[in-house]
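Enquirer: The structure's right below; bear with me while I get my questions together.
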Amino acid sequence: MSGAFVNFWVDEEGNAEVGEEEEKTKAQDVSTEVSRTRNIGIIAHIDAGKTTTTERMLYYSGHTRRIGNVDEGSTVTDFLPAERARGVTIQSAAISFHWPPLFVGDLQNTSANTSNLVPHNINLIDTPGHADFTFEVLRSLRILDGAVCILDGVAGVEAQTEKVWYQAAKYRIPKIIYVNKLDRDGAAFGETVKQIAARLHAWPAVCQVPWWERGRGKFVGLGDAIGLRSFKWTEGGDGKDFQVISIDDLPSSEAEFALEIKKARRALVELLSEHDERMVEKYLEVDEDHLAIASEDIMISLRRCVLNQSSNIVPVFAGASFQNMGVQPLLDAVIQLLPSPIEALDPEINLGGAEGTLSSLLSGKLVSAGIGPKSKASTVKFKKQSTALIKNLESCALAFKVVHDSRRGALVYVRVYSGSIKRQSMLFNTNLQVSERAPQLLKMYASDSVQIDTIPAGQIGVIPGLKYARTGDTLISYTGANPKSGPPSPLNTLQLRPIEVPPAVFFSSVEPHSMSEEKTVKSALDLLIREDPSLQVSEDEESGQTLLSGMGDFHLEIARDRLVNDMKAKAAMGKIEIAYRESILEASSPDIYVFDKEQGGKQGRASCIAHVEPLSETTQIPLDDEYAYSAYEDGNRVTISLKPTTDDASEAEPWDGDLPPHLSIPSLHSALKNGALAALSRGINYAFQLHNTHVLLTLDPRKHIFGTDTTPAALSSAARLATKAALKATALENGSVLMEPVMNVTVSVDEASLGAVVNDISSSRGGHIMSLDDAGVTSGPAVNSTPDPLPRIDVARVYAPPDPFGPSASQTRGQGIAVDGRRQRNITARVPLKEMVGYLKHLRSLTGGRGTFVMGADRFERVVGQREKVLLKELRGF
């Protein structure tokens, strides 16, 4: 459990102090409010029904009075013109509502137990399912406490589903699964359950079984294995009214369905007993009768297993959202099974180089390291002041999304982890070291908003009008903070775990219509990349062209629409091209550079030594002194050493960490690293960004720092020019090579098309086939650039109810049957990105329109042989 949801302080011995009675009451109220909050996300493959399900959630909660339709462009969360035109989610949308509804009139039929009838606040984020918008999912997962993964009951577990599932697993987010579209022809709930085990590597805890009329008819409702009851919806209704029927009251024609509910209950109890000792005790108390265990005890045990990530149990629910079936029980499950912010994992932080958690900081246990002069006196002083520092920390929040609104300007979405942000609070950005005032606070309802006075801990809110805050920045408020310099050290270095930005692999030129439009276009691009950091803007030094890079061709297409249609920039974009990389072949000799130039009206002077070498798995990282620093970023590594470089024995004494007052160890590291990364952004021979390069920077504080003339900007410039000189020396003497992005590709086809597609990938596109698997239960996860984060599951031990189609249930469960009876196969391969441009049209022609694929970046690899000759000719224009 996390202790970082309310402000508290510690005494000199580290014990929590008890404040006034009013403070205790206030803290209890905050704790109750937080415990009745759920921060959840909807994750899924594209077209699995995320937005359709979200619309029903809003309708049944009383938030909306009509159900929006994706095809009609009337949904609440897909409000961008591009989203409504294409019928696809492009950006994540946050919305808040209560379940059960706040108003009794909205509380028609819920399946909740009476203990659950206290309304809970649900902060819901509807995320995109398209692979080009993976970053939207990543930044949403970073601040969520739980997730609902929606699967298409016909398609089963799709490749993009696996990708987002493992991303959620990386953040250790508890999840529940909702199998949707069970009203469609060919829906296979049992087959999908098997795929959950085989491809997502999780133990599916089947909590509901589909109710097909008389076993093979239309989908009419659900069987509840936990409550031993069934839910039946009226066909064609809005879903608010449905029958709750005990299994004992089911008609004789549904005897097999009643029996299947009991089988599901037995399987659920047995699965929970393997992971929860208290469930074993309950089982023994009722003389080993699976059906006699109280539903409340099963729900409590299931919740324990969901919150305990080591159990690897995921509850599975069923429904057909478009037909308005199954959404209310899913909402009940969100409240009953997913964690509140209090129960979520403790946020990871970095405080001046010291790794820890937010609760360890608030409890006074986290001691800063590597801040300012490294001396005993400064360490003792910090320990004495820590109690006062922590007491004055009012709030800590993470900015996870920035959206530009034509009326309200920049809207910064934040998740508050400690304390509360109040209106007119002064917020200090620890990443940019700037302070900004929060003029207003908003609670967002997709594109609409309501003004609020505070954003308490555990909640998600929006701060309009912030000029500098970006995605991933940490914002803190501190009592008595200096408006310019912010909180005292070390709290001014407090940073929550950042949001990782995946590398861009496509780019396109952006040309203003005229010289007079350059400034307007630049401002629009700045807004665009502030909204979406997975977009990157650079300038070609030779041609002067502005280049916009992104995650895919669809990503750049949407960026162009936003730039031209929404931001009214008068510019044209060139054709989409591949973002190649350049890599050096040999190491350089050390190169020293002295920067001595006026910057911003002030004299700047600094120096450093740079050495570059190819980066490989065997590269030694010299971290032999206590002030050394190393960081891996964008495929390159920068290592910084702060130590004397003289051969004079009289000056060979170890450096004690003393620096001019305006500099600190972290500021040195940051300035030098940024300078090196700037030099790596453009290669010498091909003008592409460097890759697999190790930059070693050495700074002698006694020789390379010149008092107040040595500013962070001067240090950054010295590092950039020294690194550039070292790169130029080795690239011109030893040459460099081109690197191309290689993608992990998963293609789903029927067996009749398998040979043609495999031949096309391996022969025509230069790809490497990694595996050929059934698209059903026997397949493993799609090829990933990282090892499987979860252990494999023995599918033979997984309970799955029979499906109503195919030759027989036993045959169906083992063969990956498609809707038309053809066997579906998955091809996993590694293919150069250049060969995947426009691949979807070609795949459809090979498979008669039935083939689909998903891909994700794996790594950059050297271009060799005939491909290298062809590519060089293309780049040189002949």
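The values are calculated or read from the model by the stated rules, or taken from the named source; none is laboratory data. In this text the structure is predicted, and so the values were computed from the model without any measurement. Heads up, the Cβs are rebuilt from the backbone with ideal geometry, glycines too, and the neighbour counts pull from every protein chain shown. These area figures cover heavy atoms from the full protein model, side chains too; ligands, DNA and RNA do not enter into them. Shrake-Rupley method; radii C 1.70, N 1.55, O 1.52, S 1.80 Å.
Enquirer: Examine the range 101-115 for a residue that is at pLDDT below 85 and under 24 Å from the mean Cα position of the chain (by Cα), and state whether such a residue exists.
Expert: No: zero hits.
Enquirer: Do you know which residues across the range 225-236 are of a type in the set (S, T, N, Q) and surrounded by fewer than 24 Cβ atoms within 10 Å (Cβ to Cβ)?
Expert: T234
Enquirer: Now for a different question. Assuming V434 fulfils every condition listed in (1) buried (at least 24 other Cβ atoms within 10 Å of the Cβ); (2) on the phi < 0 side of the Ramachandran plot apart from one, which condition is it?
Expert: So V434 meets the others, but not (1).
Enquirer: Let me ask another. Filtering the range 256-273 down to residues that are among the charged types (D, E, K, R) and modelled with pLDDT of 95 or more, which residue is surrounded by the most Cβ atoms within 10 Å (Cβ to Cβ)?
Expert: R265
Enquirer: A further question follows. Can you give me the ranges of the strands (runs of 3 or more DSSP E) entirely in the range 469-527 with at least 2 residues that are in contact (Cβ under 8 Å) with a residue 12 or more places away in the chain and surrounded by fewer than 18 Cβ atoms within 10 Å (Cβ to Cβ)?
Expert: On the way: elements: 474-478, 494-496, 506-512.
Answer list for the range 469-527: 506-512.
Enquirer: Right, here's the next one. Here's a check for you: in the range 200-224, which residue that is open to solvent by 10 Å² or more (accessible area, probe 1.4 Å) and assigned to a helix (DSSP H, G or I) is farthest from L307 (Cα to Cα)?
Expert: R214
Enquirer: Okay, moving on. Determine, yes or no, whether I460 is under 29 Å from the mean Cα position of the chain (by Cα), of a type outside the set (G, A, S), at pLDDT below 90 and farther than 16 Å from V434 by Cβ.
Expert: On the way: under 29 Å from the mean Cα position of the chain (by Cα): yes; of a type outside the set (G, A, S): yes; at pLDDT below 90: no; farther than 16 Å from V434 by Cβ: yes.
No.
Enquirer: Across the range 701-731, what is the number of residues that are closer than 18 Å to D625 by Cβ, modelled with pLDDT of 90 or more and not aliphatic (A, V, I, L, M)?
Expert: Number of matching residues: 1.
Enquirer: Now a separate question. What residue, among those in the range 475-488 that are closer than 11 Å to T430 by Cβ and out of contact with any Cys (no Cβ under 7 Å at 6 or more places or on another chain), is modelled with the highest pLDDT?
Expert: For the range 475-488, the residue satisfying everything is L475.
Enquirer: Of all residues in the range 670-683, count the ones that are within 27 Å of the chain's Cα centre (by Cα), open to solvent by 10 Å² or more (accessible area, probe 1.4 Å) and either touching a residue at least 60 places away in the same chain (Cβ under 8 Å) or more than 16 Å from N492 (Cα to Cα) (or both). Quick ask: steps written out before the conclusion?
Expert: Residues of the range 670-683 that are within 27 Å of the chain's Cα centre (by Cα), as a first pass: 670, 673-674, 677-678, 680-681.
Narrowing the set further to residues that are open to solvent by 10 Å² or more (accessible area, probe 1.4 Å) leaves 670, 673-674, 677-678, 681.
Checking the rest, the ones that are also either touching a residue at least 60 places away in the same chain (Cβ under 8 Å) or more than 16 Å from N492 (Cα to Cα) (or both) come to 673-674, 677-678, 681.
Looking only at that region, the number is 5.
Enquirer: Being open to solvent by 50 Å² or more (accessible area, probe 1.4 Å) and of a type in the set (S, T, Y) is the filter; apply it to the range 684-713 and report the residue that is nearest to V505 (Cα to Cα).
Expert: Here is the first cut: in the range 684-713, the residues open to solvent by 50 Å² or more (accessible area, probe 1.4 Å) are 684-686, 702-703, 706, 708-709, 712-713.
The next check asks that each one be of a type in the set (S, T, Y); those that pass are 686, 708.
Numbers: Y686: 16, T708: 42 Å.
This residue is Y686.
Enquirer: Residue under question is M743, and the condition is that it be in contact with a His (Cβ under 8 Å, 6 or more places away or on another chain) and closer than 23 Å to S549 by Cβ; does it hold?
Expert: no
Enquirer: For the range 305-355, which residues satisfy the criterion of being assigned to a helix (DSSP H, G or I), open to solvent by 10 Å² or more (accessible area, probe 1.4 Å) and closer than 24 Å to Y60 by Cβ?
Expert: So the first thing to find is which residues in the range 305-355 are assigned to a helix (DSSP H, G or I), and the list is 305-307, 309-311, 321-323, 327-337.
From what's left, open to solvent by 10 Å² or more (accessible area, probe 1.4 Å): 307, 309-310, 322-323, 336.
Of everything in the range 305-355, those that are assigned to a helix (DSSP H, G or I), open to solvent by 10 Å² or more (accessible area, probe 1.4 Å) and closer than 24 Å to Y60 by Cβ turn out to be F322, Q323, Q336.
Enquirer: Residue by residue through the range 541-594, note down the ones that are among the acidic types (D, E), out of contact with any helix residue (DSSP H, G or I) (no Cβ under 7 Å at 6 or more places or on another chain) and either outside any strand (DSSP E or B) or open to solvent by less than 50 Å² (accessible area, probe 1.4 Å) (or both).
Expert: Answer for the range 541-594, where residues must be among the acidic types (D, E), out of contact with any helix residue (DSSP H, G or I) (no Cβ under 7 Å at 6 or more places or on another chain) and either outside any strand (DSSP E or B) or open to solvent by less than 50 Å² (accessible area, probe 1.4 Å) (or both): E541, E542, D553, E557, D566, E582.
Enquirer: For the range 848-876, give me each residue that is in a helix (DSSP H, G or I) and either open to solvent by 60 Å² or more (accessible area, probe 1.4 Å) or among the hydroxyl-bearing types (S, T, Y) (or both).
Expert: Across the range 848-876, the qualifying residues are Q866, R867, K869, V870, K873, E874, L875, R876.
Enquirer: Follow-up. Which residues, counting only those in the range 842-867, are modelled with pLDDT under 85 and over 30 Å from I46 (Cβ atoms)?
Expert: Correct list: G865, Q866, R867.
Enquirer: Among the residues of the range 403-423, which ones are closer than 28 Å to I342 by Cβ and either more than 17 Å from the chain's Cα centre (by Cα) or of a type outside the set (F, W, Y) (or both)?
Expert: Selection gives L411, V412, V414, R415, V416, Y417, S418, G419, S420, I421, K422, R423.
Enquirer: May I ask you to verify whether S301 is assigned to a helix (DSSP H, G or I), more than 30 Å from E235 (Cβ to Cβ) and among the polar types (S, T, N, Q)?
Expert: Spelling it out, S301 is indeed assigned to a helix (DSSP H, G or I), more than 30 Å from E235 (Cβ to Cβ) and among the polar types (S, T, N, Q).
Enquirer: Now a separate question. Of everything in the range 597-612 that's over 18 Å from L697 (Cβ atoms) and either at pLDDT 90 or above or not in a loop (DSSP other than H, G, I, E, B) (or both), which residue is least open to solvent (accessible area, probe 1.4 Å)?
Expert: Among residues in the range 597-612 that are over 18 Å from L697 (Cβ atoms) and either at pLDDT 90 or above or not in a loop (DSSP other than H, G, I, E, B) (or both), the one least open to solvent (accessible area, probe 1.4 Å) is Q599.
Enquirer: Quick one: what pairs do we get from the range 703-715, first residue under 10 Å from F595 (Cβ atoms), second surrounded by 20 or more Cβ atoms within 10 Å (Cβ to Cβ) and among the aromatic types (F, W, Y), C-beta under 7 Å, 6+ apart or different chains?
Expert: Final answer for the pair search is A714/F595.
Enquirer: Hey, can you tell me all the residues within the range 37-90 that are within 18 Å of E136 (Cα to Cα) and polar (S, T, N, Q)?
Expert: Across the range 37-90, the qualifying residues are N39, T51, T54, T77, T89.
Enquirer: Right, here's the next one. Does V179 satisfy the criteria of being open to solvent by less than 10 Å² (accessible area, probe 1.4 Å) and either in a strand (DSSP E or B) or of a type outside the set (V, I, T) (or both)? Show your work before the answer.
Expert: Details: open to solvent by less than 10 Å² (accessible area, probe 1.4 Å): yes; either in a strand (DSSP E or B) or of a type outside the set (V, I, T) (or both): yes.
Against the criterion (open to solvent by less than 10 Å² (accessible area, probe 1.4 Å) and either in a strand (DSSP E or B) or of a type outside the set (V, I, T) (or both)), V179 qualifies.
Enquirer: Out of the residues in the range 739-762 that are of a type in the set (G, A, S), in a helix (DSSP H, G or I) and modelled with pLDDT under 90, state the one that is surrounded by the fewest Cβ atoms within 10 Å (Cβ to Cβ).
Expert: Ranking the candidates gives A752 first.
Enquirer: Within the range 441-468, how many residues turn out to be part of a loop (DSSP other than H, G, I, E, B), basic (K, R) and in contact (Cβ under 8 Å) with a residue 60 or more places away in the chain?
Expert: 0
Enquirer: While we're looking at this one, here's another question. Go over the candidates Y627, Y580 one by one and state the one that is of a type in the set (F, W, Y), closer than 30 Å to S523 by Cα and touching a strand residue (DSSP E or B) at 6+ places or on another chain (Cβ under 9 Å). Full working, then the answer.
Expert: Numbers: Y627 fails: closer than 30 Å to S523 by Cα.
None of the other options fit; the residue is Y580.
Enquirer: Identify all residues within the range 554-569 that are closer than 19 Å to V501 by Cβ and touching a strand residue (DSSP E or B) at 6+ places or on another chain (Cβ under 8 Å); write none if there are none.
Expert: H555, L556, A559
Enquirer: In the range 613-633, how many residues are out of contact with any helix residue (DSSP H, G or I) (no Cβ under 9 Å at 6 or more places or on another chain), open to solvent by less than 100 Å² (accessible area, probe 1.4 Å) and charged (D, E, K, R)?
Expert: Residues in the range 613-633 being out of contact with any helix residue (DSSP H, G or I) (no Cβ under 9 Å at 6 or more places or on another chain), open to solvent by less than 100 Å² (accessible area, probe 1.4 Å) and charged (D, E, K, R): 1 in total.
Enquirer: Out of the residues in the range 806-841 meeting the condition of being touching a Ser or Thr at 6+ places or on another chain (Cβ under 7 Å) and open to solvent by 10 Å² or more (accessible area, probe 1.4 Å), tell me which one is modelled with the lowest pLDDT.
Expert: This residue is G806.
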